[in-house]
Every structure is written in structure tokens, then in C-alpha cells.
Amino acid sequence: MKKVVAIDGPSGAGKSTIAKMLARELGFHYLDTGALYRAVALHLLQQGFQENAGDEEITLALKKVRVAFRQGRVMMGNVDVSDDIRSPEASHFASVFSARKPVREYLLDIQRDAARHADIVAEGRDMTTVVFPGAYHKFYLDASVEERTRRRTTELLAKGYDVQEERIRTEIIERDARDAGRDIAPLKRAEDACFVDSTGLDVTEVFSLMLKSLRRPREMPRR
Ligand code: DC
């Protein structure tokens, strides 16, 4: 395995933006694992799967497709799903189906493969705990529910979705509970992860804080 900088945290904490910036700065590849869960959820939805689908049916459905990144785009088989996976519906079902064992097993090797030939910055919910427990450097990136709600609402409005802040807040709270409360690979802070609270900080401040931690690991709080 090559070098991995692993970042976990709840939705809207700023993981993707920061992970992309760190990857560019370090000359590493960027691995957006949420995009993989979103693509799988979209595929299951398109196949008519409901939340209560059986494990065997899900396993079979996943045997027939391959999710991958191609030139920065997210591909499900030969279909580019990069835009469709960002809808509020895909967010909801990604959180629902990501709790399922066949889905997590299916994506585990795909994620680890990404670190076989390239140094990566990987972000998600279980990068520091399950997928890359031996990562070179680990972060847990958080922000208050209010701040994450504001960021998500602004992002979705900019993409043309008709959303209301209060509804987004409820969805964030529900997703947090589902992502942290599931039995397999729940979102949690790893003991050896640097904790970064991005509430009230702008992107450049968070970026320089994390870069400093990468360069001088002993000076940052682990919890
Ligand atoms: O990071 P995101 O919002 O794009 O992730 C979408 C969903 O995928 C999230 O609600 C939980 C799930 N996920 C996961 O369970 N494990 C990961 N490593 C990444 C995402």
C-alpha cells in the first residue's frame, strides 16, 4: 500500500473540498468514497430496490456492474453518473444502502485498490477505522449542524435544486444518526485521528491547519 491520508467526518463538514486541496498540494490522488456509495445506491434504486431489499438480491445486483472513477468522473458500468449521484434523493439512499453488508463488502476492495499504485487522500466515514487503519495520517473533520446545514443548502441551491434550509437540517441530523448508528463500519473518531472542528473557519484556514498537522503531526490534538 502507498501513502494514505485518511479523512472521516459527517456530511457537510468540508471533507471533499479539503481532501481535494490537500491532494493537489501533496501531489496525491483524491479518493471520494462517498461518490462510490452514492453510485451504488443510484444503481440499486434504478433496479427498483427498496430499503428493505434482501442481502442476496443486493449481492446479485452488484455482481453485474462495476463502479469506477474514469478521468475524474464516476462511472457505473459505462454510464457517467457524476451529476445524478449528487441529488438529495441519492444522498438519502446512499446513507440507507451504505449500512448494508453486501454494499460495504463490494466497495472495500475497490477503495483499497486505489491505494495500491498511488499515494491518496481518501475521505469518507470509515477511512481511518476500517478501510485504511494503517493510514500514514488520519483526520476527523467536523462542524456544527448549523454550519453544515448552511453549507449544504448553499451548495444545493447553487446546483439549481429547490431546497429549504429547515428540511436540509432535518436530513443532516437523520443522516448523522444513520451513518454513526449503523452496525457495520459506523462513523466514529479513530483514537489516533487529529480532530479538526471547521465551525467558523473558512476553507483556507482549515486547509492550513490540516497541512500544518501533516507536516508537524505531534503538535495537533488527537482527540
Ligand atoms: O460523503 P457523502 O455525503 O458523499 O457520502 C454519502 C453517503 O455514503 C453517506 O451518508 C454515508 C455513506 N458513506 C459511507 O458509509 N462510508 C464512506 N466511506 C463514505 C460514504
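The values are calculated or read from the model by the stated rules, or taken from the named source; none is laboratory data. Since the structure is predicted, the reported quantities are computational estimates derived from the model, not experimental observations. We place every Cβ from the backbone using ideal geometry, glycine too, and count neighbours over all the protein chains shown.
Taken over the stretch 121-150, the criterion of being closer than 17 Å to residue 198 by Cβ and among the aromatic types (Phe, Trp, Tyr) is satisfied by 139, 140.
Per-residue answers, yes or no, for (1) away from the ligand (no atom under 14 Å from the Cβ); (2) on the phi > 0 side of the Ramachandran plot; (3) at pLDDT 95 or above; (4) surrounded by fewer than 17 Cβ atoms within 10 Å (Cβ to Cβ):
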| residue | (1), (2), (3), (4) |
| --- | --- |
| 2 | yes, no, no, yes |
| 6 | no, no, yes, no |
| 12 | no, yes, no, no |
| 27 | yes, yes, yes, yes |
| 33 | no, no, yes, no |
| 55 | yes, no, yes, yes |
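Pairs only if they're at least six apart or on different chains, beta carbon under 9 angstrom, first in the stretch 44-67 and in contact (Cβ under 8 Å) with a residue 12 or more places away in the chain, second surrounded by 12 or more Cβ atoms within 10 Å (Cβ to Cβ) and of a type in the set (Ser, Thr, Tyr); list them, first residue then second. As it stands, the answer is 58/106; 59/106; 62/106; 67/106, since those pairs meet every condition given.
Here is a check on your reading of the model: is residue 141 touching a helix residue (DSSP H, G or I) at 6+ places or on another chain (Cβ under 9 Å), modelled with pLDDT of 95 or more, within 13 Å of the ligand (Cβ to nearest atom) and hydrophobic (A, V, I, L, M, F, W, C)? Judged against the criteria, residue 141 is a match.
Consider the stretch 166-177 and keep the residues that are in contact (Cβ under 8 Å) with a residue 12 or more places away in the chain and of a type in the set (A, V, I, L, M, F, W, C). The one that is nearest to the ligand (Cβ to nearest atom) is 172. Screening the candidates 150, 175 for the property of being of a type in the set (Lys, Arg) and surrounded by fewer than 18 Cβ atoms within 10 Å (Cβ to Cβ) yields one hit, 150. Taking each residue of the stretch 23-42 that is among the acidic types (Asp, Glu) and looking for partners that are surrounded by 19 or more Cβ atoms within 10 Å (Cβ to Cβ) with beta-carbon atoms closer than 7 Å, six or more apart or interchain, yields 32/123.
Of everything listed in (1) crowded, with 20+ Cβ neighbours inside 10 Å; (2) touching a strand residue (DSSP E or B) at 6+ places or on another chain (Cβ under 6 Å); (3) more than 26 Å from residue 206 (Cα to Cα), the single unmet condition for residue 80 is (1). Entry remark, the stretch 184-215: residues being assigned to a helix (DSSP H, G or I) and in contact with a strand residue (DSSP E or B) (Cβ under 8 Å, 6 or more places away or on another chain) number 5 in total.
Among the residues of the stretch 70-120, the ones that are within 16 Å of the chain's Cα centre (by Cα), of a type in the set (Lys, Arg) and more than 13 Å from the ligand (Cβ to nearest atom) come to 1 in all.
Of the residues 180, 190, the single one that is touching a Ser or Thr at 6+ places or on another chain (Cβ under 6 Å), among the hydrophobic types (A, V, I, L, M, F, W, C) and in contact (Cβ under 8 Å) with a residue 60 or more places away in the chain is 190.
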